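A quick write-up on the structure given underneath.
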Amino acid sequence: MTVTTDVKRAVAALASGHLCAIPTETVYGLAANALDQSAVARVFQAKGRPVDHPLIVHVANLEQVSRWITHLPDWAQNLVAELWPGPLTLVGYRTKLATDAITGGQETVAVRIPSHPIAQQVLSELAAQGILGLVAPSANRFGHVSPTSANHVAIDLGEYLGAHGDLILDGGDCEVGLESTIVLATNEQPVILRLGAITAQDIVRITGIAVSEEVENLPRVSGALDSHYAPRAKVILLTDLLQAFSENSGLLALAEFATPAGVHRLAAPNSVTDYAHDLYTALRAGDDLNLGTIYVVPPLGAGLAQAITDRLERAAF
Ligand code: TXA
Ligand code: MG
């Protein structure tokens, strides 16, 4: 059986070079010992991910962060103090532990301390064995919707993981439902590389520095590809429900929008927070129903609503 709730078994599997999908507060990650070259290589293979797309290193604590990133500017230290553990990833200059396989050959490495208690437990127990971090991209096939439950992981990767004796650690549904906010922390100003639950407003409030919109030579972020986070169904974004709905279609919108006749309601979240939580499950449900089209009314506003809209635009591209 590939799926387990046994944390000790997951830790033993990771320590012996196996892959293990783990729950985090954002989405499930496909984890491997970051120091084990062949395990890291298998992460790319399992996902069908191009090898030049860098991975995030997940660590248990700040001492471990310093093993991967050489130094962080003061403003980034403020983010660390307030937001870690949590859904924030920082990209900093790498130490020599961060190999080209992890960074895609770049001089920077992405690191985060997840807050999910099970992820924390896995990372701490591995740290006690001298394993200084886990790479963990979202545990989906490359380009597909990120998984927010163990079942989503099993659907995307179960066959590969089962065939290789790898595991899925089931920790229930992910709380946030959207991938971490990624911030480039190599300059005097923060640059947001991927929107998430930590918003630009949070970053400005905590650092007291304006967030830079653009820098030259931005590092590669696969989640920033125009088409990403996509279900099989065609995704069409709407601002209201006046449009005619095609046959065999579904709707994702806040609860205040009624369901048109003959349309499958995929989710009716009551708040923007619930919208993020339900988003990927709804898109996957559309594929389970073999829908041709998923109509979506994105949430309005800044912050998390903007992060959701960003993902929806890429799903619709
Ligand atoms: O919430 C998350 O971040 C989840 C959970 C599992 O932690 N992980 C995740 O990983 O979303 P992944 O691999 O699906 O997305 C990581 C993103 C990619 O878009 C990658 O390009 C970017 O992080 N990234 C990694 N290292 C980078 C670097 N050195 N510079 C710029 N971007 C980097
Ligand atoms: Mg991903």
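Across region 1-69, Cα-Cα pairs more than 14 Å apart make up 64 percent of the total.
If you sort the three axes of the alpha carbon gyration tensor as a ≥ b ≥ c, you get a/c of 1.5 or more for region 127-179 and a/b no higher than b/c, which makes it oblate. For region 99-160, the alpha-carbon radius of gyration amounts to 1.31 times the rule-of-thumb value 2.2 N^0.38 Å expected for a compact globular protein. Note on LYS234: aspartates and glutamates with a C-alpha under 18 Å away, same-chain residues under 8 apart excluded, are ASP226, GLU247, ASP287, ASP288, ASP310, GLU313. Taking every protein chain into account, the accessible area of region 232-273 amounts to 60 square angstrom per residue (probe 1.4 Å). Placing a pseudo-label 7 Å from each Cα along the Cα-to-Cβ vector at ARG265 and THR4 gives an inter-label distance of 4.1 nm. Atom-type composition of the exposed protein surface of the chain places 51 percent of the accessible area on carbon and sulfur (1.4 angstrom probe).
Checking the a/c ratio against 1.5 first, then a/b against b/c, what shape does the Cα gyration tensor give for the chain? Because a/c hits 1.5 or more and a/b fails to exceed b/c, the chain counts as oblate. Scanning the chain for GluC sites (Glu not before Pro) lying in DSSP loops with no more than 15 further Cβ atoms inside 10 Å, the longest uninterrupted stretch between such sites is 1-106. Taking all protein chains into account, the per residue accessible area for region 1-143 stands at 36 Å² (1.4 Å probe). Comparing mean-square fluctuations of PHE142, PHE44, PHE245 from a GNM of the chain with C-alpha springs under 10 Å, the top value falls on PHE245. Annotation for region 108-213: trypsin sites (Lys or Arg not before Pro) lying in DSSP loop with at most 16 further Cβ atoms inside 10 Å of their Cβ are ARG141.
With the simple spin-label model, which puts each label point 7 Å out from Cα in the Cβ direction, the GLU159 to GLU256 separation comes to 4.4 nm. Only lysines eight or more places from LYS8 in sequence, or on another chain, were considered; those with a Cα closer than 29 Å are LYS47. Note on VAL211/HIS71: beta-carbon distance plugged into 1/(1 + (r/R0)^6) with R0 of 22 Å gives a FRET efficiency of 0.60. Across region 114-210, counting alpha-carbon atoms alone, Rg and Dmax equal 16.4, 50 Å.
Determine the shape class of region 239-288: with a ≥ b ≥ c the square roots of the Cα gyration tensor eigenvalues, call it rounded for a/c under 1.5, and otherwise prolate if a/b is greater than b/c, oblate otherwise. The shape class here is oblate. Between LEU242 and ARG141, full extension at 0.36 nm per residue minus the direct alpha carbon distance yields a gain of 32.9 nm.
The values are calculated or read from the model by the stated rules, or taken from the named source; none is laboratory data. Remember, it's a predicted structure, so these values are computed and weren't measured experimentally. Quick reminder, even Gly has a Cβ in these numbers, built from the backbone with ideal geometry, and neighbours come from all protein chains shown. With ligands, DNA and RNA removed, areas are computed over all heavy atoms of the protein, side chains included. Shrake-Rupley method; radii C 1.70, N 1.55, O 1.52, S 1.80 Å.
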